[in-house]
Amino acid sequence: MTESAELVREHDTDLGTVPQAAPTPAAELAWGRHYVAVEPSHFRIDYAINPFMDPEVQPDPALAMEQWQTMVATLRGLGATVDVLPQRADAPDMVYAMNLGLGLVRPGGERHVVMSHMRYPQRRMETGSAQEWFAASGATTSYVGRDGVGAHLEAGDAFAFGDALVVGYGPRTEELALKHLALELGVRVRGLRITHPGMYHLDLAFCPLDERRAMVCPAALDAPSARALMELVPEALVLTEEEALTTFAANSVVVGRTVVMPACPDRVRAQLEAWGFDVVIVDVSEFHLGGGSIRCLTNPVDITLGRDLPVLPRGEVVLPPLD
Ligand code: ARG
């Protein structure tokens, strides 16, 4: 661990002090400029598969549509491409496009999507439609399990960072899926065990910001995985459990040096700005009723093998030790 990383971590455990300025300029993320999103024409809370959902509390459809349109316009205004899929009427959670599949670009330029295999049957029909849509848009597709057979994988658990595809597993994605991803994609997969029921996808607790930095909420993970996450991120902006759960701050997206966030605690904003990021807030509160925010609503499909992830011909899975 470098001395500067140590400083930032010390600072972050002391929530009141002045943010540390960047000791070294860090390269922007090269990915995060091309997204897929689902227009929320049928967004409802029909069932409860996470602690945020309550069918007694329904979103306002017009407000949800307006919030989603503002989010898409904001991303496009920042220069990102956003492709839009129609929502199936029988798939109220399909708006959380992040979970449709893990999109990648192979070294030769071929677009590929490893389709999710949802943990809960209520969401499984989403991926069939998404697979057809991705195939029609020119991507090849594959799967690690489907129709309830084989390993579960939900793409909101998987992000490129550092030397690996970092994959959360436990509540949704299963450990076996990590091996499939490593072998099929030829990448190193670093697994993190999620234990917090409210942070059931890694994207509620981890947001890569640039090549050295990320927002992280170690409270989502078991102790060895929390340590592994802190070791993985040279400069970590640590979110408390309360910040992650009540503001969805980790469920943000980054376009270059702009962080598009549903909300941003002052302390977090001060650190992001000290690191040279602009913070743009977009209210997507209607979607918090289903347990997802900006990252869940947008699926980056431009993570590029060989550029954003080192290629390892036979792949490799690295898991933290058991407690
Ligand atoms: N209701 C959805 C579910 O429980 C929310 C998904 C949130 N998406 C995410 N990428 N975290 O599956």
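None of the figures in this text is laboratory data; all of them are computed from the coordinates on show. All of these numbers come straight from a predicted model, not from anything done at the bench. Please note: Cβ atoms are built from the backbone with ideal geometry, for glycine as well, and neighbour counts cover all protein chains shown.
Determine the gain in length on full extension of the stretch Ala274-Ala73; use 0.36 nm per residue of separation and subtract their C-alpha separation, reporting nm with one decimal.
Here the answer is 69.7 nm.
With a Förster radius of 22 Å, plug the Cβ-Cβ distance of Ala48 and Ser285 into 1/(1 + (r/R0)^6) and report the FRET value to the nearest 0.05.
0.75
Residue by residue, what Karplus-based ³J(HN,Hα) values in Hz, rounded to whole numbers, does region 155-171 have, using 6.51, -1.76 and 1.60 with θ = phi - 60° and x for Gly and Pro?
Going residue by residue, I get 5, x, 8, 10, 9, 6, 7, x, 9, 7, 7, 8, 10, x, 9, x, x Hz, with x marking Gly and Pro.
Where a ≥ b ≥ c are the square roots of the eigenvalues of the C-alpha gyration tensor, would you call region 26-129 rounded, which needs a/c under 1.5, or, failing that, prolate if a/b is larger than b/c, or oblate?
Verdict is oblate for region 26-129.
For region 161-315, just the Cα set please: Rg and Dmax, both in angstrom.
Every Cα atom of region 161-315 included, Rg and Dmax give 15.0, 44 Å.
Nearest 5 is fine: what % of DSSP beta bridges in the chain come out antiparallel, could you say?
Bridges in the chain that DSSP calls antiparallel: roughly 45 percent.
Under the rule of at least 5 residues apart or a separate chain, name every residue whose amide H is placed under 5 Å from the amide H of Val38.
Leu85, Ala97
Express in nm, to one decimal, how much length is gained between Tyr120 and Arg227 on full extension, taking 0.36 nm for each residue of separation and deducting their alpha carbon distance.
35.6 nm
As a test of the definition: which semi-axes, in Å, follow for region 124-176 when you take the square root of five times each eigenvalue of its alpha carbon gyration tensor? Largest first, please. Let's see the in-between values first.
Values: eigenvalues 89, 53, 15 Å².
Here the semi-axes work out to 21, 16, 9 Å.
What share of the DSSP beta bridges in region 142-206 is antiparallel, in percent to the nearest 5?
Antiparallel bridges make up about 55 percent of those DSSP assigns within region 142-206.
Given axes a ≥ b ≥ c from the Cα gyration tensor, I'd like to know whether region 60-208 is rounded (a/c under 1.5), prolate (a/b larger than b/c) or oblate. Display every interim value, and only then the final one.
Numbers: a/c = 1.37, a/b = 1.27, b/c = 1.07.
Rounded is the answer for region 60-208, as its axis ratio a/c remains below 1.5.
Calculate, for Lys179 and Val149, the FRET efficiency according to 1/(1 + (r/R0)^6) with r their C-beta to C-beta distance and R0 22 Å; round to the nearest 0.05. Provide the component values of the computation, followed by the final result.
Working: r = 16 Å, r/R0 = 0.74.
Once rounded, the FRET efficiency stands at 0.85.
If you plug each phi of region 209-218 into the Karplus form 6.51 cos²θ - 1.76 cosθ + 1.60 with θ = phi - 60°, what whole-Hz ³J(HN,Hα) values come out, in order, with x for Gly and Pro?
Here the 3J(HN,Hα) series is 10, 8, 5, 10, 10, 7, 7, 9, 10, x Hz.
Return the Cα extents of region 207-282 along principal axes one, two and three, sorted largest first, each rounded to a whole Å.
Answer, in whole Å and largest first: 33, 27, 18 Å.
Which of the three applies to the chain, rounded, prolate or oblate, going by the alpha-carbon gyration tensor with a ≥ b ≥ c and a/c under 1.5 meaning rounded?
Rounded is the answer for the chain, as its axis ratio a/c remains below 1.5.
Determine Rg/Rh for region 213-257; Rg is computed over alpha-carbon atoms and Rh is the Kirkwood hydrodynamic estimate from the same atoms.
Numbers: Rg = 10.8 Å, Rh = 11.1 Å.
Result for region 213-257 is an Rg/Rh of 0.98.
Give the share of C-alpha pairs in each 10 angstrom bin for region 151-243, from 0 to the last occupied bin, in whole percents, shortest bins first.
P(r) over region 151-243, rounded to whole percents: 19, 54, 25, 2.
Dipole size in debye (nearest 20) for region 73-163 around its Cα centre, Lys and Arg Cβ +1, Asp and Glu Cβ -1?
60
Name the long-range amide H neighbours of Leu237: under 5 Å, sequence gap of 5 or more, or other chain; modelled H, no Pro or chain starts.
Hits under the 5 Å cutoff: Ala214, Met215, Val216.
How far apart, in nm, are two points set 7 Å out from the Cα along the Cα-to-Cβ line at Leu312 and at Val57?
According to this spin-label approximation, the distance is 4.2 nm.
To the nearest 20 Debye, how big is the dipole of the chain about its Cα centre, given +1 on the beta carbon of each Lys and Arg and -1 on that of each Asp and Glu?
Result for the chain is approximately 880 debye, rounded to the nearest 20.
Which residues' amide hydrogens lie under 5 Å from the amide hydrogen of Val317, considering only partners 5 or more residues apart or on another chain, with H built in the peptide plane?
Here Val189 satisfy the definition.
Antiparallel as a % of all DSSP beta bridges within region 124-273, to the nearest 5?
60
With label points built 7 Å along Cα→Cβ from the Cα atoms of Arg257 and Arg88, find their separation and express it in nm.
So the label points at Arg257 and Arg88 sit 4.3 nm apart.
At 0.36 nm per residue, and after removing the present C-alpha to C-alpha distance, how many nm does the segment from Ser41 to Ala27 gain when stretched out fully?
On the way: separation 14, 0.36 × 14 = 5.04 nm, distance 3.76 nm.
Result for the pair: 1.3 nm of gain on full extension.
Hey, can you rank 48-57, 66-75 by average C-beta count inside 10 Å, highest first?
Highest mean packing first, the order is 66-75, 48-57.
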